[in-house]
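Report on one structure; see the data block that follows.
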Amino acid sequence: MEKTRPIVILKKKGGHGGHHGGAWKVAYADFVTAMMSLFIVLWLLNSSKKVQEAVGGYFKDPSGTAEKIGSTMAGSGENFILTKDNMPKLKDQLEQKIRQLTDFEKLKSHIDMTVTSEGLRIELMESAAGTLFDNGSPKLNNDGQELLITLAQELGKLPNKISIEGHTDSQAYALSGNYGNWELSTDRANAARRLMQANGLGIGQVTQVRGFADQRLRKPDNPLDPSNRRISLIVQYTVLNNDAGDAKPSAEGDEKKPDAKNATPPAANSGKKE
């Protein structure tokens, strides 16, 4: 009788073999990361210099406290430097903020912004009833305070220097012989400075506070027009010094200092008022 062959039962265990493990996922993730990095580098190589500086500035200073390099006007603003090329952007941004004021319809005809050789000039004009100040007084009313606080919060985000001017019309100030348009224009400019510095404008941002009385009328042909009574804010240009790597105020917004070696002797006093 022949021997019966043993019956062999093969059982396959569930699951994948060793070569089907998860190691491929790690390699694939590394590959995707490398490809993404390659695409970013290629994109940067074909981007403008401004974009390259903005991206590089972020990696150098992620907290956003760098002095020169920022993102856009829609960003924090704290590291955005205004030059002649991008000053109109600030004008547009401020106009959008001012439209959000409570009494914008009442104030819009008394606000004028123009880009000049000095920088962005913001004119806040009075009306016959008093738009910003109480009549004949350096005390700001509610509308004037709200407007100046809004401007201070926006301008305080910038490194640019600010000049503040006060102007009056040619109407004689009749309250006191010792107080006139010169004092009133200066006091109003200082009142605007104090309020703005208490609400966002940097202490070192204001470089000049000037009172001109009626010497720089907005409407010379009508010296008694209420719009001659105004506060002017000048956001000065900033010139970037690429060699030194820092920003300096524009010479157009600052007084030029004579060279001591080439200075000429002062001329005889001609009696002309500076």
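Remarks
- Residues of segment 179-218 that turn out to be more than 18 Å from Leu158 (Cα to Cα), without any contact (Cβ under 8 Å) to a residue 60 or more places away in the chain and in a loop (DSSP other than H, G, I, E, B), as a count: 7
- Residue that is surrounded by the most Cβ atoms within 10 Å (Cβ to Cβ), among those in segment 85-110 that are out of contact with any Gly (no Cβ under 8 Å at 6 or more places or on another chain) and touching a residue at least 60 places away in the same chain (Cβ under 8 Å): Leu90
Conditions (1) exposed (fewer than 15 other Cβ atoms within 10 Å of the Cβ); (2) modelled with pLDDT under 90; (3) in contact with a Cys (Cβ under 8 Å, 6 or more places away or on another chain), marked per residue:
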residue: Ala198; (1), (2), (3): yes, no, no
residue: Leu201; (1), (2), (3): no, no, no
residue: Gln205; (1), (2), (3): no, no, no
residue: Pro223; (1), (2), (3): yes, no, no
residue: Ser227; (1), (2), (3): no, no, no
residue: Arg230; (1), (2), (3): no, no, no
residue: Leu233; (1), (2), (3): no, no, no
residue: Asp243; (1), (2), (3): yes, yes, no
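- If you go through segment 165-177 and keep only what is at pLDDT below 85 and farther than 19 Å from Ala128 by Cα, you end up with Ser176, Gly177.
- Matching residues, segment 115-130, being on the phi < 0 side of the Ramachandran plot and at pLDDT below 80: Ala129
- For segment 150-178, the set of residues classified as assigned to a helix (DSSP H, G or I), touching a Leu at 6+ places or on another chain (Cβ under 7 Å) and surrounded by fewer than 22 Cβ atoms within 10 Å (Cβ to Cβ) consists of Thr150, Glu154, listed by residue number.
The values are calculated or read from the model by the stated rules, or taken from the named source; none is laboratory data. Everything numeric here is computed off the predicted structure, so don't read it as measured data. All Cβ positions, even for glycine, are placed from backbone atoms using ideal geometry, and neighbour counts span all protein chains on display.
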